[in-house]
Amino acid sequence: MTRRHALLIDPVASDDDRSDFTDTLSAVDPAGPVLSLGELSAQRGDGVFESIGVVDGHPQEVTAHLERLEQSARLCDLPAPHLDQWRAAVAEIASRCPAGEYVIKLILSRGIDHGAGPTAWVTATPAPDFSRVRRDGVRVVTLDRGVDSGASARAPWLLLGAKTLSYAVNMAAIREAGRRGADDAVFVSSDGFVLEAPTASVILRFGDRFVTPEPAAGILHGTTQMSLFAHLASRGFEVGYERIPVDRLRRADGGWLVSSVRLAAPIVAVDGHGIALDAALTASLTDYLLSPRE
């Protein structure tokens with residue numbers, strides 16, 4: 001059975017009133033030549049994307065991901081994606097995923113330099129095995145992102161709240177974490193506040209209150225974080241968005257890096273300082289995140 005799948009999308013206007021987008025989706029060989037050498041997503045990272053977790057053929061939190069794709073496109077001055085078309089593409093490619101965990105990626109690129117319009121496609125591939133980090137946790141180091149917590153509002157052209165394809169800095173941060181003997185990194189602002197991990201949101205626990213950095217600081221509003229906050233609130237916990245000084249990160253009663261594919265990986269050390277791992281709570285969060293979620 002083929003384990004990797006790809007569909008090209010012929011983007012249509014966001015006000016297109018049709019209900020069937022089948023003729024705008026084309027299956028392609030994910031290993032074959034598909035994109036032009038002039039594609040700006042490859043030349044400049046000029047585009048936006050989303051990653052959707054798939055569990056036993058069910059794509060998770062599709063609406064939240066599509067809304068964030070739309071927001072990222074707006075921040076980058078890309079044509080507004082027709083969300084019903086993208087929803088159809090997600091459903092089609094998810095139907096090709098067998099049992100187990102997969103990841104669907106949605107990519108909207110500015111297209112070819114001086115071309116007629118955007119390029120768009122979706123892929124589905126087996127998800128990496130994150131069972132160990134979900135169970136045993138990750139050691140993180142804090143890394144200065146080089147901007148203060150007000151930069152997003154002051155300089156929107158930095159695109160700090162958009163999920164763009166320009167991930168070179170994020171990957172460099174993970175490599176730097178490895179050089180420092182850690183598994184991952186947590187970005188902090190130059191004025192000393194917790195932001196996010198290179199590929200995940202940060203959730204911290206202080207007693208029975210769970211907090212995450214406020215999105216206004218120029219970070220992605222995590223779809224998994226929002227889902228977990230709703231789940232925790234339904235269990236009677238207090239949840240909230242805060243400006244979190246970096247020293248509070250090191251004093252948290254618990255912490256997690258959360259994302260659509262990794263799910264909830266407990267933080268067990270910050271800059272060499274140990275943090276308690278609540279195995280039972282983490283397992284319950286993982287069970288929730290593996291359950292079907294719309």
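Numbers at a glance
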{"item": "Mean-position separation - Cα centroids, region 54-96 and region 150-169, in angstrom", "result": "21 Å"}
{"item": "Pairwise Cα inverse-distance average, inverted: Kirkwood Rh of region 131-290 (Å)", "result": "15.6 Å"}
{"item": "Column: log10 I(q)/I(0), Debye, Cα scatterers of region 5-126, q = 0.21 Å⁻¹", "result": "-1.28"}
{"item": "Residue (of Val133, Gly240, Ser14) at the positive-pole extreme of the chain, dipole from beta-carbon charges", "result": "Val133"}
{"item": "Full-extension gain in nm, Ala233 to Ala80, via 0.36 nm per residue minus C-alpha separation", "result": "51.8 nm"}
{"item": "Only Lys, Arg (+1) and Asp, Glu (-1) charged, at Cβ; region 64-112 dipole about Cα centre in debye", "result": "120 debye"}
{"item": "Positive-end residue of Leu106, Ser166, Ala91, charge dipole of the chain with Cβ unit charges", "result": "Ser166"}
{"item": "Among Leu75, Leu37, Leu165: highest mean-square fluctuation, GNM of the chain, C-alpha pairs under 10 Å", "result": "Leu37"}
{"item": "About the Cα centre, charge dipole magnitude for the chain (Lys/Arg +1, Asp/Glu -1 at Cβ), debye", "result": "920 debye"}
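Each value in this text was obtained by applying a stated rule to the coordinates, not by laboratory testing. Everything numeric in this text was worked out from a predicted model, so none of it was measured. So basically every Cβ, Gly included, is an ideal-geometry build from the backbone, and we count neighbours across all protein chains shown.
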